[in-house]
1. Quick one: which residue in T179, T146, T220 is at pLDDT below 95, out of contact with any Phe, Trp or Tyr (no Cβ under 8 Å at 6 or more places or on another chain) and of a type in the set (S, T, N, Q)?
2. Looking at (1) touching a His at 6+ places or on another chain (Cβ under 8 Å); (2) farther than 21 Å from D247 by Cβ; (3) surrounded by fewer than 20 Cβ atoms within 10 Å (Cβ to Cβ); (4) modelled with pLDDT of 95 or more, which one does Q230 not meet, given that it meets all the others?
3. Please go through segment 81-115 and pick out each residue that is among the β-branched types (V, I, T) and more than 14 Å from C131 (Cα to Cα).
4. I'd like the full set of residues that are outside any helix (DSSP H, G or I) and either touching a Cys at 6+ places or on another chain (Cβ under 7 Å) or within 19 Å of G22 (Cα to Cα) (or both), limited to segment 235-256.
5. Could you please let me know if A222 is part of a helix (DSSP H, G or I) and either among the small types (G, A, S) or touching a strand residue (DSSP E or B) at 6+ places or on another chain (Cβ under 6 Å) (or both)?
6. Looking at (1) surrounded by fewer than 23 Cβ atoms within 10 Å (Cβ to Cβ); (2) modelled with pLDDT of 95 or more, can you tell me which one Q38 breaks?
7. Here are the criteria: (1) part of a loop (DSSP other than H, G, I, E, B); (2) out of contact with any Lys or Arg (no Cβ under 8 Å at 6 or more places or on another chain); (3) over 19 Å from A124 (Cα atoms). Tell me which single one E109 does not satisfy.
8. If you go through segment 166-222 one residue at a time, how many are surrounded by 20 or more Cβ atoms within 10 Å (Cβ to Cβ) and over 18 Å from the mean Cα position of the chain (by Cα)?
Amino acid sequence: MHPSRRPIIGGNWKMNTDRASGAALARQVAAGAAAMGQAAPDTVVFPPFVYLDSVAAALAGSPVQLGAQDVYQADHGAFTGEVSPPMLRDVGCRWVLVGHSERRHVLHEGDDLINAKLLAVLRAGLHAVLCVGEKLEQRLTGQTDTINERQARSALRHVEPQDLWRVVIAYEPVWAIGTGKTATPADAQAAHAHIRAVLADLYSPHAAAAARIQYGGSVTPANAHELLAQPDIDGALVGGASLKPADFLAILAAAGAGKA
């Protein structure tokens, strides 16, 4: 594994928790990650917008970083209800999710909008987790690599080589999210290897070798070690299990062990 590819685990809380439970969850994750010391992977939690402040306070002084689940592509203006990259930076966010499958398929965000959001995040000096992945019918018709490549190429338009290190790509097969189904380690590895080949074509083999690619799709303590041991899987974007401190910390431990 390239030395810059430190494992990274993200916890996407989605539309869950309240102020008190979110802060308590953040404190438990922070304490667990701190106890792991140097063995801990890079760790990011993505709470709902309204709890970013309270979670930031709970994480203060810990190695766990704060992320947002979405962003608007402009820095300011008459965009009622939206939140800009500078606002996220101001409340302590370092990371932003871009192109999550629920944004693509439930809220109908297209490739051009996702590209605009990614560029806005990078312009603000933040880091992005760019999500790509195929739906079940696309997988069954052999389109996994085609869909992942199209989404990656589109989202990365105008992203300069010197900024690629601030983008983590998360491969999230849509059919595996929240369903309890998981791609086999071999299938996940194949998808990650293809995404890395796309990055080599877009940028360079060196840039591709240094890029971090996560797996997201019903990751649990039971399957994390085998998934994270694959050579092109550099971490996980965790959904439901990130709401359970013991499960999430077990996945952090698996990330440290898998790349030891």
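The values are calculated or read from the model by the stated rules, or taken from the named source; none is laboratory data. The shown structure was predicted, so the numbers you read here are calculated from the model rather than taken from an experiment. When we count neighbours, we look across all protein chains shown, and the Cβ atoms used for this are built from the backbone with ideal geometry, even at glycine.
1. Numbers: T146 fails: at pLDDT below 95; T220 fails: at pLDDT below 95.
Answer to the check: T179.
2. (2)
3. Of the residues in segment 81-115, the ones among the β-branched types (V, I, T) are 83, 91, 96, 98, 106, 114.
Answer for segment 81-115, where residues must be among the β-branched types (V, I, T) and more than 14 Å from C131 (Cα to Cα): V83, V91, V106.
4. First pass over segment 235-256, keeping only residues outside any helix (DSSP H, G or I): 235-239, 244.
If the condition is that a residue be outside any helix (DSSP H, G or I) and either touching a Cys at 6+ places or on another chain (Cβ under 7 Å) or within 19 Å of G22 (Cα to Cα) (or both), then L237, V238, G239, K244 are the ones that fit.
5. Working: part of a helix (DSSP H, G or I): yes; either among the small types (G, A, S) or touching a strand residue (DSSP E or B) at 6+ places or on another chain (Cβ under 6 Å) (or both): yes.
So A222 passes the test.
6. (2)
7. (2)
8. Total meeting the criteria: 1.
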